[in-house]
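**Student:** My questions will all concern the structure given below.
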Amino acid sequence: MTEVARAGRSAPATRTAGLAAWAVPASLALALVGLGLSIYLTVEHYTAPGSLACPVGDAVDCAQVTTSAQSKFLRIPVAVLGIVHFATMLALCLPMLWRRMDRRLWQARLGVAGLGVLFVIYLIFAELFIIEAICLWCTAVHLVAFGLFAVVVLASAMADPSPFDKR
């Protein structure tokens, strides 16, 4: 008998029914892509700032964006925050965690994805109105964050709420 069962509580329910089949692979793929892009941007930040493989045009200037004051938040490079965000989302989107019917876990997944999108909205605002330049690598990260948020929201909305713990 498990410790949880001896304590008088049932183990968290798991399920596969009701979870959209595309949710797990889509969320994992997006989290991995976002993590990869964030790692690339972090390596570039620390090894050769402003040397990203990025075309420079009227509105596109990755070096200007990634070396601006807005490229750091509380003195932490935004790319490092991207690694933290996507690594956390990768963990929260593991198949075994998608199947757990612990309401707090599902809320955490939605919350972390939502925080990522809110931060991305700030970064887009900064690119357009403060820096007045766009970084194509950053835009790719932004799109991945929005996509991951959309997958999490849709999968959560489509899930059958009846098996969730009522704690």
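**Student:** Quick one: helix 136-158 against the long Cα principal axis of the chain, what's the angle to the nearest 10°, folded into 0 to 90?
**Tutor:** 20 degrees
**Student:** List the cysteines of the chain that have no other Cys Cβ closer than 4.7 Å: which are they?
**Tutor:** Isolated Cys, the chain: 93.
**Student:** I want to check the label-to-label distance for residue 132 and residue 51. Put each point 7 Å from Cα in the C-beta direction and report it in nm to one decimal.
**Tutor:** 2.9 nm
**Student:** With r as the distance between the Cβ atoms of residue 94 and residue 153 and R0 = 25 Å, compute the FRET efficiency 1/(1 + (r/R0)^6) and round to 0.05.
**Tutor:** Given R0 = 25 Å and the Cβ-Cβ separation, E is 0.85.
**Student:** Work out the FRET efficiency for residue 59 and residue 102 from their Cβ-Cβ distance, taking R0 = 35 Å, and round it to the nearest 0.05. List each step's numbers first, then the result.
**Tutor:** Numbers: r = 45 Å, r/R0 = 1.28.
Efficiency, rounded to the nearest 0.05: 0.20.
**Student:** Once the Cα atoms of helix 78-92 and of the chain are each reduced to a long axis, what angle between those two axes, in degrees from 0 to 90 to the nearest 10, is obtained?
**Tutor:** Tilt of helix 78-92: around 20 degrees.
**Student:** A further question on this structure: If I compute solvent accessible area with a 1.4 Å probe over the protein chains, what percent of it on segment 19-167 is carbon and sulfur?
**Tutor:** Carbon plus sulfur share of accessible area: 73 percent.
**Student:** Using modelled amide H (1.01 Å from N, peptide plane; none on Pro or chain starts), what sits under 5 Å from the amide H of residue 73, excluding residues fewer than 5 places away?
**Tutor:** Excluding prolines and chain starts, which carry no amide H, the hits are 78.
**Student:** Per q in 0.17, 0.18 1/Å, what log10 I(q)/I(0) does a Debye calculation on the alpha-carbon atoms of the chain return?
**Tutor:** So the normalised log intensities work out to -0.95, -1.03.
The values are calculated or read from the model by the stated rules, or taken from the named source; none is laboratory data. What you see is a predicted model; the values in this text were computed from it and never measured. Positions of Cβ are generated from backbone atoms using ideal geometry, with glycine treated the same way; all protein chains shown enter the neighbour counts. Note: accessible area is taken over every heavy atom of the protein model, side chains too, but ligands, DNA and RNA are not part of it. Shrake-Rupley method; radii C 1.70, N 1.55, O 1.52, S 1.80 Å.
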